[in-house]
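Here the structure comes first, spelled out in structure tokens, and everything after it is commentary.
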Amino acid sequence: MARQPRPFLGLLAGVAAGLVASAAMAAFQAQAQKLLPDQEDDDPATVKAADAASQAAIGDPVPEPYREPAGQMVHYVAGAVIGGIYGVLTEYRPEARSGFGSAYGIATAALLDEAAVPAAGLAPAPDETPLAVHAYGAASHLVYGWVLEGVRALIAGRR
């Protein structure tokens, strides 16, 4: 008997798992950043994205005391959206869980860190980025993928 997709449950499980996975990714990044060479640009892409949204909405960048929380909000909203997509995707294509979320984590690293973020002008082009930064991004997204799948499987009851 074929299993029936449950898209709404998948979405809810994915969003919740995406939030937890985003927290795990942030904790990993806080420690892993200590191993990276000093970056000349202090603003992470999430803060730059928050500034761009603020510029579009009100014509001004995010005020200084709110820059870091605004960047964190972008990180968690993106993590929840990407998690929601994953949750629905796994309901229809269980093979999307490959490598306990590893394949999805690496795909998000490639699509976001290596393509979309540089294309949006929020980070340097991949060929202008040190190898250590690429490894840091891939490792961060692997952590995201693993935690995303673990929490999604617990909530949705499907492994």
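Throughout, read-outs are computed from the coordinates displayed, never taken from laboratory work. Treat the numbers as computed from the prediction; the structure is a model and nothing was measured. Positions of Cβ are backbone-derived with ideal geometry, glycine not excepted, and every protein chain shown enters the neighbour counts.
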- Message: Can you classify region 1-79 as rounded, prolate or oblate using the Cα gyration tensor, where a ≥ b ≥ c are the square roots of its eigenvalues, rounded means a/c under 1.5, and otherwise it's prolate if a/b beats b/c and oblate if not?
- Response: oblate
- With the 8 Å Cα cutoff and a minimum separation of six or more residues, region 12-122 has a relative contact order in percent of 37
- Item | Prolate/oblate/rounded call for region 58-144, Cα gyration tensor, a/c under 1.5 rounded | oblate
- Give me the net charge of Gly83's neighbourhood, meaning all other residues with Cβ under 12 Å from the Cβ of Gly83; Lys, Arg count +1, Asp, Glu -1. 0
- Expressed as a rounded percentage, what relative contact order does region 70-140 have, with Cα pairs under 8 Å and six or more residues apart? 18
- Query: If eta is 0.890 mPa s and T is 25 °C, what Stokes-Einstein diffusion coefficient results for region 12-159, Kirkwood Rh from Cα pairs, in µm²/s?
  - Reply: 155
